[in-house]
Amino acid sequence: MGVRERRLATLRTHRYRGVDIGWPGSVTARALPSRSWPRLRARSYGEGVTPSTASSGPGAPGLDIPAVTVTPGDIATTTLTVRNDSDIVEAYDLRVVGDCAAWTTVEPARVSLYPGTSETVTLRLEPPRSPEIRAGEMPLGVRVLPNEHPDAVRVLETTVHIGEFHELKTELSPRRRRGWLRGRYRLAVRNQGNTAVQVRFTPGQAGEELGFAFAPAQPKLEPGESAEVGLRVRTAKPVWFGDPVVWPFTVDTTEAGDQEEPAESRWDDPVARPPLDAEFVQIPIFPKWLLILLAALLALLLAWFTLVRPAVRSAAEEAATEAVQPRPTPAGEQEAAGDPPGTGADSRPGGGGQESGAEAGAAGSGGDGSGSPAGGGTTAGGQQSSATIDLKTGTGAPGTGTYKVPENSVFGVTDIVVANFQGDEGVMTISFGDRKITTIALETFRNQDYHWVTPIKIPENDTVTINVTCAKPGTPATGRQASECHEVLNVSGVLSTTTQ
């Protein structure tokens, strides 16, 4: 073993005994025992690290951390002095433990010290601006781990004073509401500060037309807590006509103690909250389109009673009169005796010396109906003629009206006209002899006509018959409901004789 190796062995053997150690060409130094650690409060930081009173021993540094104050969102620094009072070169690993570890860093995190020397490290505190960082005192622990003597690990503790910060976040929805007298809104408020606050709401409006009500009026919120507040806006009086009226207003959210501070100081605050803008649109009770509609309806009613209704009544009366009255017979075609066709005692319709059409009609009438023939002009092989059946029937009772073709005659029917001038309801059946022509509902028509190019021939003594079942009498042009149904059938065609 050389001289240098023997001296190193002697140094390792005697370095803790406080003896003088000499190095060739160096200054004589004395290894001093380490100083005791400061007395600390016991607090658990996890990972089995608990600060305690340290005894003298190798690798134990001298530490000192002053208290620090910081506000969330800001940056604060403090220092920690690490002193090596041992007699060997020692490296120390520093790590922050506890609640502050997430936002506290050590710079540098590892220091190497010669015996008897010290170094100051910086603790940088950057708490986030969050309601989770509550205002008040929070412990800060720094674990110091000597690399050569890990069993001498210690934790030094100090107190961090977390300052208060206030921040309210408010949302108003909807920003625009329509209504006649009142509107409802929702305010969502959240306390994003780190201390409990009581919130108050201050509405603002240019005039005094609106009333405001908040429920609840002053909610109390813990840090990070949210609440929903109902806002009801009401106007003093309604708007009856015209355009909608827009009422703008604002809502300012403050803490319960903010009203004692000057407004200038609050607006200089970097987190000052601008008021929320909203509108209440008061719509009129009677909008414009409703007034226009009412005016149009009134004009239609006036037009109906002054123009349309009289014209309809006149047309109905004319149609009923035309259906009831028989067609006129030209004077040149009357009988030589001067009697009108169909009214002589023993004459046929339209022919002199023939059987009376009135007698034939009277013989063929039934129920409340009666048939009356009327003669017309002559044609090749016969004479133009017509007959009318006028039938009145009580409610719920069937009625029959007939017209009988005279003897020695054939009636070739070419046209029929049915009149229901009262607007009765029921059923009518028209038959020529044993042949049913049609069945129609009375309520479906007022005047109905049928025409045939080829005449339908009805032999002598056969009848033209109408059967009516009255369900409900209608209302004639007089405006008063009739007591019974009243229908008129006019049948026309060519009446030919079968004997010379």
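The values are calculated or read from the model by the stated rules, or taken from the named source; none is laboratory data. If you're wondering where the values come from, they're calculated on a predicted model, not measured in any experiment. Note that we place each Cβ from the backbone using ideal geometry, even for glycine, and neighbour counts take in every protein chain shown. Calculation scope for accessible area: heavy atoms of the full protein, side chains included, ligands and nucleic acids excluded. Shrake-Rupley method; radii C 1.70, N 1.55, O 1.52, S 1.80 Å.
With R₀ fixed at 41 Å, the C-beta to C-beta distance from GLU132 to ILE283 puts the FRET efficiency at about 0.30.
With all protein chains present and a 1.4 Å probe, how do ARG190, ARG184 order by accessible area, largest first? Mind dumping the intermediate values first?
Values: ARG190 85, ARG184 145 Å².
I get ARG184, ARG190, largest accessible area first.
At q = 0.11, 0.13, 0.15, 0.16 Å⁻¹, what log₁₀ I(q)/I(0) does region 64-223 have when each alpha carbon counts as one equal point scatterer in the Debye sum? Log10 of I(q)/I(0), two decimals: -0.61, -0.73, -0.85, -0.92. Listed cross-link partners LYS404/LYS472; LYS169/LYS220; LYS392/LYS457 are compared with a 25 Å cut-off, the Cα-Cα value being larger for LYS404/LYS472; LYS392/LYS457.
Could you pull out which residues in region 102-138 have an amide N less than 15 Å from a spot 7 Å beyond the Cα of SER226, following the Cα-Cβ vector? Inside the label zone: 131. Once you have a ≥ b ≥ c as the square roots of the Cα gyration tensor eigenvalues for region 389-500, tell me rounded if a/c is under 1.5, and otherwise prolate or oblate according to whether a/b is larger than b/c. Prolate shape, in that a/c is at least 1.5 and a/b is the bigger ratio. Each label point was placed 7 Å from the Cα along the Cα-to-Cβ direction; for GLU171 and GLN218 their separation is 2.7 nm.
Report the full-extension gain for the segment ALA206 to ALA315: residue separation times 0.36 nm, less the Cα-Cα distance, to one decimal in nm. Working shown, then result.
Numbers: separation 109, 0.36 × 109 = 39.24 nm, distance 6.61 nm.
Difference between extended and current length: 32.6 nm.
The phi torsions of region 140-145, fed into the Karplus equation with coefficients 6.51, -1.76 and 1.60 and a -60° offset, translate into couplings of 10, x, 10, 8, 10, 10 Hz, rounded to whole numbers, with Gly and Pro shown as x.
Shape summary of region 90-135, radius of gyration then Dmax from alpha carbon positions: 14.0, 45 Å. With a/c under 1.5 counting as rounded, go ahead and sort region 454-500 into rounded, prolate or oblate using the C-alpha gyration tensor (a ≥ b ≥ c being the square roots of the eigenvalues; past the cut-off, prolate if a/b is larger than b/c, else oblate). Prolate is the answer for region 454-500, as a/c is 1.5 or above and a/b outweighs b/c.
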